[in-house]
Amino acid sequence: MVHLRFFQLVLIAGVLFLSSCWNGRFAGNAETAPNNHDLDVWNEGEIIPASHQPNIWDIAKRHGSFTMFAQLVEIAELEETFKFDQDITVLAPTDEAFNQLPEGIIKQLVEKENAPLLVDLLLDHVIPDMYLSTDLLDGEKAPTLSGNHLIISRDADIRLGNATVTTADINASNGVVHVVDQVILTE
C-alpha cells in the first residue's frame, strides 16, 4: 500500500512537471520570456506577437544592464506599474548611468524618509503613452507619470531631458523600453 501511494505521488508530480514545461514552452507566458541574450532580437525591429513578449518588468528584471533600476523599482514598490500598466514607455537607465550619479545619492534615496523622492525619480522614467523612437519629435514635451515633462530633442541622437537614448524600441507586451545613458533628473 505504501509503495502504491508513493508511485501515485511520483506519477502526479511527473505529470504536473511535464504539464508546466509544456505550458511554459508553448504558451508564451511572461515567466518564460526570452532571457537577456534574446533582447538583441527585439532591437532589430522584428515584430514579436504580444503573447510572446515579456512585459516591461520582465525586461528590467532579467536584463543584466538594469539591475540597479530594478532594485530601486522593488524598493519603491512600483513593480505593478511596470508589469500591468498598458501602453507605457519606460526610459531605462543602465547600471552605468546610475554609477554616474554623485556618491551617496542612491543610499540617500533608499532611506525611508526619502521614499516619495525615489518614487518621483523612477516615475520620471515612465511616459504614460507608448512612444516608439519615430514618435519622439524634436521640441515636443513628453509627460511622465510623476507629473513632470521631458523635453525631446533630436539631432544625431534622441534626448529626453538630460538622457540620451542608446537603444530604442525594445518591444514589450505592455509598451516599449528605450535604454538611456543617464538617470533622468527633472527640476
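Points worth noting:
- Couplings 3J(HN,Hα) for segment 148-162, derived from phi with the Karplus relation 6.51 cos²θ - 1.76 cosθ + 1.60 (θ = phi - 60°), are 7, 10, 10, 7, 8, 10, 10, 9, 6, 10, 9, 10, 10, x, 8 Hz, where x marks Gly and Pro.
- Sequence-ordered 3J(HN,Hα) estimates for segment 126-138 from the Karplus curve with 6.51, -1.76 and 1.60 and θ = phi - 60° stand at 10, 9, x, 10, 8, 10, 6, 4, 6, 8, 8, 9, 4 Hz, glycine and proline given as x.
- Rolling a 1.4 Å probe over the protein heavy atoms leaves residue 98 with an accessible area of roughly 10 Å².
- Hz values of 3J(HN,Hα) by residue in segment 93-98 - Karplus curve (6.51, -1.76, 1.60), Gly and Pro given as x: x, 6, 4, 4, 5, 5
- Global form of segment 133-186, assessed from the alpha-carbon gyration tensor, a/c cut-off 1.5: rounded
- Computed extension length for residue 86-residue 105: 3.8 nm, one decimal, from 0.36 nm per residue of separation with the Cα-Cα distance subtracted.
- For residue 124, distant residues with modelled amide H under 5 Å away: 146
The values are calculated or read from the model by the stated rules, or taken from the named source; none is laboratory data. What you are looking at is a predicted structure, and each value in this text was computed from that prediction instead of being measured. Ligands, DNA and RNA are excluded from the accessible area calculation, which covers all protein heavy atoms including side chains. Shrake-Rupley method; radii C 1.70, N 1.55, O 1.52, S 1.80 Å.
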